[in-house]
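Below is one structure, written out as structure tokens; comments come after it.
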Amino acid sequence: MHRRTALGGALTALATAAAGVLVAAAVSTAPAAAAAGGTGTGYLHTSGNKIVDSTGTTVRLTGINWFGMETDNKTFHGLWSSNPWRSQLDTMARLGYNTLRIPYSNDALKSGATATGINDFVNPDLIGLSPLQILDKVIDYAGSKGMRVILDRHRPTSAGQSPLWYTSTVSEATWINDWKMLAQRYAGNTTVIGADLHNEPHAEGTNPAATGACWGCGDTARDWRLAAERAGNAILGVQPNWLIFVEGVSCPSGGLSNVWDNDPSNDEDCGWWGGNLSKAGQFPVRLNVANRLVYSPHEYATSVYRQAWFDDPTYPANMPAIWDKYWGYLYKQNIAPIMMGEFGTTLQDPKDKIWLQNLMAYTGTGVNGMSFTYWSWNPNSGDTGGIANDDWTTINQPKQDILTPYLIPPTGGGGTTSPSPTGTPNTSPAPTTPAPTTPPPATGGCTATYKQINSWAGGFQGELTVKNTGTAAVNPWSATWTWPSGVTLASGWNATVTQSGTTVTAAAPAWASSLAPGASVTVGFTANGTAAAPATVKLNGTAC
């Protein structure tokens, strides 16, 4: 999706489902295996309707979209905020999002492309970097947290989406060549697991004069299934280890129904842009490398467009049959995995909360459930809002509460950000975060060094490095310091950073709880108020 309030390709209601469907009917899944989290080892591939890692262990991708690289800024939105980019990724990982779907446009890949909308004070390490160089840094840091990355060709240009995968100014050859470039750029980097070939192919023109993306019609200029094969196989020729994510269309014919011509042959059931995979069973995508295909539908609520099924008298009991028809059957019949690439809502309409609760139940629980990437992290998504609030630091707790039971956090994640004084507190712990314990006393001593990274009107950014100079490991470690009255924590990373009064505590994350003799840890933060160095620094109660 990207920034529209109605879907022209979704004008026809699905036939009313049988009234007896259970509201919370979930995909039938076996009990979750012992795997407690993470995104597996090595590259991923498919086995029936499962995504599995290099050892054959089932992996469920429970991710989030962070958009901006497909817009005129040509890089991630929110880099203009007071929350550093690493801190935002820390929060995503801590909340349980193990995968990052990154939309881009071909404009951002051009030689000489310039990234804009970056707060240089907060993100000094991004100054002067190209969009691709910023992407490199985000991928590297996400990988260090155990997250996976899916690249999404969202738009041919930053000007807007297109019904077909090519336009008069961006050819199919450019589309494929840019994909091959990205596959080569990240070859060998197991953080990047695959390509979402083109975002939301959809209908254009009125039947029988259809000009939009069809599925299975055989017209090479419009048949999205055939184009996905051409691009997917070209990518696999360069990088055979990637997953190929293929979205649906809106109307299989590629055209909108003419409801005024009284000709039922021109009428068909249409779904969301990118959301209709009803013909994929009959016309499957055929790739040259086995076990690489993942179907990736999109699904939205009334805040995007009020589809007829939302006003069905049996709602929400009618929804499982609708999802079954458009894409769920591919999973239930063990044809291929489903990775729902986009779904989201503002939650302003009470029906939307019911929709999101039922949709999540439908995907199933545990590692055997369907994969997904929520739309979006960004609060500036006009028709859905985000998980992040407008400060890009605190979170929308009502949305997060619905998603949390289905999230499988990345192994190795755990860096956190603390909320700013305004907005909804970021209170949801990562499912694998252990209960707080009292840190043991340090054996020996410690040293502390401070570096102010930046300052601006009303705030500053710094790094405190604490070294264990004792003879024994400190496990779990915890550093404390004090600030003058009026200085308040805005965000922190590489630890769970909190503030009480004038005392700040940086507690060890679960993924790096032990501080060995001679080892050091650097805690980064941003703060509100006049710049001030941490005072009275202690490691587990021992003064440094």
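The values are calculated or read from the model by the stated rules, or taken from the named source; none is laboratory data. Note that the coordinates shown come from a computational prediction; the quantities given were computed from them, not determined experimentally. With ideal geometry, Cβ positions are generated from the backbone for all residues, glycine too; neighbour counts draw on all protein chains shown. Heads up: the accessible areas ignore ligands, DNA and RNA and are worked out on the full protein's heavy atoms, side chains in. Shrake-Rupley method; radii C 1.70, N 1.55, O 1.52, S 1.80 Å.
Miscellaneous remarks
- Criterion applied to 229, 247, 299 was being among the charged types (D, E, K, R), in contact with a Ser or Thr (Cβ under 9 Å, 6 or more places away or on another chain) and open to solvent by less than 40 Å² (accessible area, probe 1.4 Å), and the one residue passing it is 247.
- Among the residues making up the stretch 321-337, those that are open to solvent by 40 Å² or more (accessible area, probe 1.4 Å) and part of a helix (DSSP H, G or I) are 324, 325, 332.
- The residues of the stretch 295-354 that are among the aromatic types (Phe, Trp, Tyr) and farther than 22 Å from residue 252 by Cα amount to a single one, 315.
- Any hit, the stretch 34-47, residues being β-branched (Val, Ile, Thr) and modelled with pLDDT under 95: yes
- Residues being of a type in the set (S, T, N, Q), in contact (Cβ under 8 Å) with a residue 24 or more places away in the chain and either in contact with an Asp or Glu (Cβ under 9 Å, 6 or more places away or on another chain) or farther than 20 Å from residue 341 by Cβ (or both) are represented in the stretch 139-155 by at least one member.
- Qualifying residues in the stretch 51-108 (those that are of a type in the set (A, V, I, L, M), within 15 Å of residue 380 (Cα to Cα) and touching a strand residue (DSSP E or B) at 6+ places or on another chain (Cβ under 9 Å)) - the one surrounded by the fewest Cβ atoms within 10 Å (Cβ to Cβ): 64
- Qualifying residue in the stretch 118-140 (condition: open to solvent by 20 Å² or more (accessible area, probe 1.4 Å) and closer than 16 Å to residue 67 by Cβ): yes
- Between 276, 318, the distinction of being more than 15 Å from residue 244 (Cβ to Cβ) and surrounded by 23 or more Cβ atoms within 10 Å (Cβ to Cβ) belongs to 276 only.
- Each residue in the stretch 454-489 was checked for being small (Gly, Ala, Ser), at pLDDT 85 or above and open to solvent by less than 40 Å² (accessible area, probe 1.4 Å), and 5 pass.
- Among (1) under 30 Å from the mean Cα position of the chain (by Cα); (2) open to solvent by less than 40 Å² (accessible area, probe 1.4 Å) - the single one residue 494 does not satisfy: (2)
- Screening residue 100 with (1) part of a strand (DSSP E or B); (2) over 30 Å from residue 173 (Cα atoms) gives one miss only, at (2).
- Test: residue in the stretch 183-191 that is within 28 Å of the chain's Cα centre (by Cα), modelled with pLDDT of 95 or more and open to solvent by 60 Å² or more (accessible area, probe 1.4 Å): yes
- Checking residue 541 against (1) under 34 Å from the mean Cα position of the chain (by Cα); (2) farther than 18 Å from residue 91 by Cβ, the condition it does not meet: (1)
- Failed criterion for residue 153 (all others in (1) in a strand (DSSP E or B); (2) within 13 Å of the chain's Cα centre (by Cα); (3) surrounded by fewer than 23 Cβ atoms within 10 Å (Cβ to Cβ) hold): (2)
- Residue list for the stretch 382-398, restricted to those being farther than 19 Å from residue 360 by Cβ and not hydrophobic (A, V, I, L, M, F, W, C): 382, 383, 389, 390, 391, 393, 394
- Selection of the stretch 452-483 for residues being over 12 Å from residue 495 (Cβ atoms) and assigned to a loop (DSSP other than H, G, I, E, B) yields 457, 458, 469, 470, 471, 472, 473, 475, 483.
- Number of positions in the stretch 196-226 that are surrounded by 24 or more Cβ atoms within 10 Å (Cβ to Cβ) and not in a loop (DSSP other than H, G, I, E, B): 4
- Flag if residue 253 is on the phi < 0 side of the Ramachandran plot, touching a Cys at 6+ places or on another chain (Cβ under 6 Å) and modelled with pLDDT under 95: yes
- Single match in 402, 395 (criterion: crowded, with 24+ Cβ neighbours inside 10 Å, touching a residue at least 40 places away in the same chain (Cβ under 8 Å) and of a type in the set (Val, Ile, Thr)): 395
- Cβ-Cβ under 6 Å pairs, at least 6 apart or on other chains, the stretch 201-229 side on the phi < 0 side of the Ramachandran plot, far side hydrophobic (A, V, I, L, M, F, W, C) and surrounded by fewer than 19 Cβ atoms within 10 Å (Cβ to Cβ): 225/283
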